[in-house]
Structures are given as C-alpha cells and as structure tokens.
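A.B. asks: One structure, as structure tokens, below. Some questions next.
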Amino acid sequence: MLRALRDDAGRPFAGPDSIFTMPHVEVPLQLLDRNWLIAAIPAAGWLTAERGEIRRTQGSAFLVALLLGGILWLFLSRRRALQRVAEETARREAEERFLRLFQLSPDGVVVTRLRDGLIVEVNDAFLTLSGWDRAELIGRSTLELGMWRSKADRDRLLQAVHTEGQCVGEVIRVRRRDGVELEVEFSARIIPGGEEPMLLSLTRDITERRRLERQLSQAQRMEAIGRLAGGVAHDFNNILTAIVASAETTRMALPAGHPGVEESSEILRASGRASDLTRQLLAFARRSVVTPGRVEVNDVAEESSRLLQRIIGEDIRLETRLAPGLPPVLIDPTQLQQVLLNLAVNARDAMPRGGVLNITTRAAQGGMVLEV
C-alpha cells in the first residue's frame, strides 16, 4: 500500500505527495493538536476503482484498520527519521568538540593506526614540539622519522599498550627534526571502534622542568655542603684558638734566643694560615660576618694563589702580575678571597683541556683594578 500525509495547510509531511493526484482514499484526523489528511492507494483485490472513485469491496472495518496502520507507519517512519537526524547531529557535535580539544591541547597529540603505527592526524602543539610539518608526518610512522632515541623504549611502551590498553606518564627521550633531544612525558591509549582501532598518544615536553629540578637538587646539595663546611670551620677555629693561646704563652715564657721562641713563632704563623682557611670556609658557607677594612689587594691575591692552584688543578697554570705601590681599598678580605675563588672555579670549568689563569692588579684613577 502507498501512503502519504499532509498537514492542515496542505504541506507534504511524509510519503509521496503525488498520491493525492491519483484515485485514493482520504481520511482527516486530529493528532498532537494538529489537523492532518492521510491518503492511501490500496493493493489490488482490497479496493476497486470505478469512474475515478474508490469503493470498498471487503467491508469498512478492514479499510479503517488499513488506514490506521498507514497512519502508524507514517508516524513511526517520521520518528525514526527524526531520531536519525538527532543522532547524526549529536555525533557531529561530539566530533567538533573533540577537534577543538585536539587542537587546543598544549600537549602534542598524535593519532596513529594501531596495526602499523602510521600517523593519521596530529595537532599544532605536536608540530611545534617535533619540528615537522603536518604533510610530512601524515602517513608515516614516528619510528621511520627517527623520533625515538631508543627503539627499546618504543617496544616497551607498545607492549604496555597492547597488554593493558594504555600507558601513562612514561618519561622518555625523543628527537626533534633538527636532532635536538627532548625529555618528554608520554601517555597513550587505544581508541576502539570505527573501521579499525587507533592509538591516541600525548607527548608533553618536560625538558626545562627537569633541568630546573636538577638545578634545585644541586642547590640543595650545595646548601648541605655549606652547612657542613660552616660547622667544621667553627669547630676547627675553636681548636686553633687553643693552639694560638698555648703558642703565645710558650713564646712569652721562654728567654730571648731560646730555640723554642722561633718554633712557637712558626706555630703562630701556621695557625694564622689555618685561620685564613677557616674564614674562607665560613665565607663559602655564607656564615661569616662582613667586616670591611683597609686591605692590600696584592697581599690577598698572593695568599689566595696557594689555595687557587690546588683548586684549578695541574693542567692549568696560575700566573700573577701584581703592580707594586697600589693604594689600599676598603673591603672585607674574606669576601675578596671568595670572589677570587669563584672566578677561578669558573675559569677552570671553561678550560677542560688546560690553560693559563692570569691574576693581575694595576693602578687606576681613584683606586685600583683587579683582573682575572
């Protein structure tokens, strides 16, 4: 049976509207607060047409049932069509939301085929991270492009994905197009459905974060060493105080010309050098009190040179050229020694194959110049 439906304004709603131009049966009805007109052309043997009119041949009850069935069919068809439209709209909106999130993600996102690893789609963040263009990535694998620093890492992560369906927060190293290695946090998950399963992976560049973490760890270790050095320097200074006091007492108790006087004086000189060393340790630990005074810079440079030679090593030659007759300066001598120590360490690191470290002093208008 062919059926068609019009609304109360004569607009087609469902079925071929051409039925209304043929011999047909029309039934008006009210449904959902609207007026409708349904038309039907029955199959042969059910109704007969004479002189352009449709007549019943097998009773009114059958015709009514036939028309009601047509009405039900038309509305069910319409509802299914509306449902399909709603499902298609929801699917399209979900895809649009995914694409927006896909492109707005600050992490590099890649969609690859699970069976062969070929790239299907990437977002802009991944292009920035990898240094490749989109056209160069699509249809190729990350292994083919040489992005993996270690193939063993790739095999291990793929095994985890196939076994558990995902891997989360794995720290690995990858290569950019220009060969620069990056430390990244890698996560991946299998996306089922569609024609074949896909692999969605997220790559987050943590190179700078890890560098800062290592710097913080180094600073914490240096702080601990500084505290240890400060504690050792204080204890050692207490011992030196007792040695100096005993040497002074001995020297004063001995008569002039006694051999012990010179030996006591040597003990005092050695204790003075040891005291300088404790001041340097305290300066390193940032625990010394700054006490500026009139200082001969040449004397500080000469005293520091013995310690500096041990620090810079045998591959670096230390040369000093100190101009005589320089005016004294107002500075804390321990802090000045610390400056020389820091510059010497930097110079040593800048000359891993050896070299020459020069320390010079010269006169300048209104003061003097110390050059390293």
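A.B. asks: Quick check on my filter: what residues within the stretch 163-206 are outside any strand (DSSP E or B), over 16 Å from T128 (Cα atoms) and free of Cβ contacts under 8 Å to residues at least 24 places away in the same chain?
C.D. replies: T163, E164, P192, G193, G194, E195
A.B. asks: Ok, one more. Which ones in the stretch 305-334 are surrounded by 15 or more Cβ atoms within 10 Å (Cβ to Cβ) and either out of contact with any strand residue (DSSP E or B) (no Cβ under 8 Å at 6 or more places or on another chain) or in contact (Cβ under 8 Å) with a residue 40 or more places away in the chain (or both)?
C.D. replies: S305, L307, L308, I312, I316, L318, T320, L326, D332, P333, T334
A.B. asks: I need a count of the residues in the stretch 254-265 that are open to solvent by 80 Å² or more (accessible area, probe 1.4 Å) and in a helix (DSSP H, G or I).
C.D. replies: The qualifying residues number 3.
A.B. asks: Looking at the stretch 302-321, which of the residues that are of a type in the set (G, A, S) and in a helix (DSSP H, G or I) is farthest from R273 (Cα to Cα)?
C.D. replies: Filtering the stretch 302-321 for residues that are of a type in the set (G, A, S) and in a helix (DSSP H, G or I), the one farthest from R273 (Cα to Cα) comes out as S305.
A.B. asks: Looking at the stretch 343-372 only, could you name the residues that are more than 17 Å from L326 (Cα to Cα), surrounded by 12 or more Cβ atoms within 10 Å (Cβ to Cβ) and not β-branched (V, I, T)?
C.D. replies: If the condition is that a residue be more than 17 Å from L326 (Cα to Cα), surrounded by 12 or more Cβ atoms within 10 Å (Cβ to Cβ) and not β-branched (V, I, T), then L343, A344, A347, R348, M351, G354, G355, L357, N358 are the ones that fit.
A.B. asks: Give me the helices (runs of 4 or more DSSP H) completely within the stretch 57-161, filtered to those with at least 1 residues that are modelled with pLDDT of 85 or more and either at positive phi or open to solvent by less than 60 Å² (accessible area, probe 1.4 Å) (or both), ordered by residue number.
C.D. replies: Answer list for the stretch 57-161: 124-130, 134-137.
A.B. asks: Would it be correct to say that D178 is out of contact with any Pro (no Cβ under 8 Å at 6 or more places or on another chain) and surrounded by 12 or more Cβ atoms within 10 Å (Cβ to Cβ)?
C.D. replies: Taking the combined requirement at face value, the residue does not satisfy it.
A.B. asks: Just checking, how many residues over the stretch 290-311 are of a type outside the set (S, T, Y) and over 45 Å from the mean Cα position of the chain (by Cα)?
C.D. replies: Qualifying residue count, the stretch 290-311: 13.
A.B. asks: Moving to a separate point now. For the stretch 129-163, give me each residue that is touching a strand residue (DSSP E or B) at 6+ places or on another chain (Cβ under 8 Å) and of a type in the set (S, T, Y).
C.D. replies: S130, S141, T142, S150 - these are the residues of the stretch 129-163 that are touching a strand residue (DSSP E or B) at 6+ places or on another chain (Cβ under 8 Å) and of a type in the set (S, T, Y).
A.B. asks: Got a sec? Which of P352, P324 is assigned to a loop (DSSP other than H, G, I, E, B), farther than 21 Å from G367 by Cα and modelled with pLDDT of 85 or more?
C.D. replies: Only one candidate passes the filter, namely P352.
A.B. asks: Then there's this: Checking the conditions here, which among S246, S275 is part of a helix (DSSP H, G or I) and open to solvent by less than 40 Å² (accessible area, probe 1.4 Å)?
C.D. replies: So the residue among S246, S275 that is part of a helix (DSSP H, G or I) and open to solvent by less than 40 Å² (accessible area, probe 1.4 Å) is S275.
A.B. asks: Now a separate question. Do you know which residues across the stretch 335-362 are over 38 Å from the mean Cα position of the chain (by Cα) and closer than 15 Å to D299 by Cα?
C.D. replies: Those that are over 38 Å from the mean Cα position of the chain (by Cα) and closer than 15 Å to D299 by Cα: Q335, L336, Q337, L340, I359, T360, T361, R362.
The values are calculated or read from the model by the stated rules, or taken from the named source; none is laboratory data. No experiment lies behind these values; they were computed from the predicted model shown. FYI the Cβ positions are ideal-geometry reconstructions off the backbone, even for glycines, and counts take in every protein chain you see. In case anyone asks, the SASA skips ligands and DNA or RNA and just uses the protein heavy atoms, side chains included. Shrake-Rupley method; radii C 1.70, N 1.55, O 1.52, S 1.80 Å.
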